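Remarks on the structure that follows.
Read-outs throughout are calculated quantities, based only on the coordinates presented, and are distinct from any laboratory measurement. For clarity, every value in this text was computed on a predicted model and none was experimentally measured. Note: ideal-geometry Cβ built from the backbone for every residue, glycine included; neighbour counts use all protein chains shown.
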């Protein structure tokens with residue numbers, strides 16, 4: 001499995017490219033900005049089938065349309081069904097506060113909890129972990145021991161709930177949904193360095 005990390009934008013958002021070496025099929029997760037830098041990391045033989053979004057904040061979605069256009073519209077843009085409002089509402093995705101250009105677009109498809117997305121030999125399972133936003137998703141590749149956690153779980157930290165007014169408690173949801181995974185699972189977060197579930201069980205002060 002190929003995993004490439006591209007750190008983009010003013011707040012160092014991690015965009016991930018995951019490719020199955022056997023089929024050359026892959027996905028891009030959270031292309032937040034700097035589309036040209038993301039596209040430079042794509043080899044000509046890669047077949048990017050999906051652009052998967054963990055949630056709808058501007059720093060994770062800002063380059064979606066440009067990347068998709070450059071790939072001739074082939075990748076299917078997907079987000080949780082309850083996060084679509086973030087893509088279409090600049091106030092919700094925060095682009096009206098932090099960017100000169102407001103972001104508003106529609107996804108191609110929506111995802112739900114515990115959905116399996118097949119990409120080559122990979123199976124991405126969607127784990128719904130509300131608290132940073134209404135329907136933040138993590139993408140779990142159980143066989144490969146990989147979790148793409150978005151802004152839900154970080155190295156020794158968790159995402160902020162400052163922009164979320166709902167009833168969900170993020171730390172409790174992380175404990176229920178993520179800390180039960182294999183401790184050796186490698187966590188690729190939306191910001192900062194990677195970690196493991198085992199490291200966060202031992203060392204994360206928020207959990």
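Please state, to two decimals, what the Cα-based radius of gyration of the range 1-59 comes to when divided by 2.2 N^0.38 Å (N = residues). Before the final figure, lay out each step's value.
On the way: Rg = 11.2 Å, N = 59, 2.2 N^0.38 = 10.4 Å.
Working it through for the range 1-59, the quotient is 1.08.
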- Item | Most fluctuating residue given options 143, 68, 92, as computed from a GNM of the chain linking Cα atoms under 10 Å | 143
- State the Cα centre-to-centre distance between the range 1-66 and the range 109-137 in whole Å. 16
- So what is log10(I(q)/I(0)) for the range 113-207 at q = 0.15, 0.16, 0.18, 0.22 1/Å, when the Debye sum runs over its Cα atoms only? -0.52, -0.59, -0.75, -1.10
- Just rank 86, 188, fewest to most, by other beta-carbon atoms within 10 angstrom. 188, 86
- Percent RCO, i.e. relative contact order, over the range 1-135, from Cα pairs under 8 Å lying at least 6 residues apart: 19
- Query: For the chain, modelled as a GNM with alpha-carbon contacts under 10 angstrom, which of 84, 187, 129 fluctuates the most?
  - Reply: 84
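Neighbour counts of other C-beta atoms within 10 Å: give me 148, 6 arranged from fewest to most. Show your work: numbers first, answer last.
Details: 148 26, 6 21.
With the fewest neighbours first, 148, 6 line up as 6, 148.
Provide 178, 153, 87 in ascending order of the number of other Cβ atoms located within 10 Å of each residue's Cβ, fewest first. Please report the intermediate quantities before stating the final value.
Details: 178 23, 153 29, 87 20.
Least crowded to most crowded, the residues run 87, 178, 153.
Under 8 Å for C-alpha pairs, at least 6 residues apart: give me the relative contact order for the range 81-203, rounded to a whole percent. Each step should come with its number before you reach the end.
On the way: 219 pairs, mean separation 22.2, N = 123.
18 percent.
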- Query: If you bin every alpha carbon distance in the chain into 10 Å steps from zero, what whole percent lands in each bin?
  - Reply: 9, 38, 39, 13, 1
- Per residue of the chain, what 222 nm ellipticity follows from adding -39500 (n - 2.57) for every DSSP H run with n ≥ 4, rounded to the nearest 500? -4500 deg cm²/dmol
- Where is the GNM fluctuation largest for the chain (alpha-carbon springs, 10 angstrom cutoff): 11, 103, 51? 11
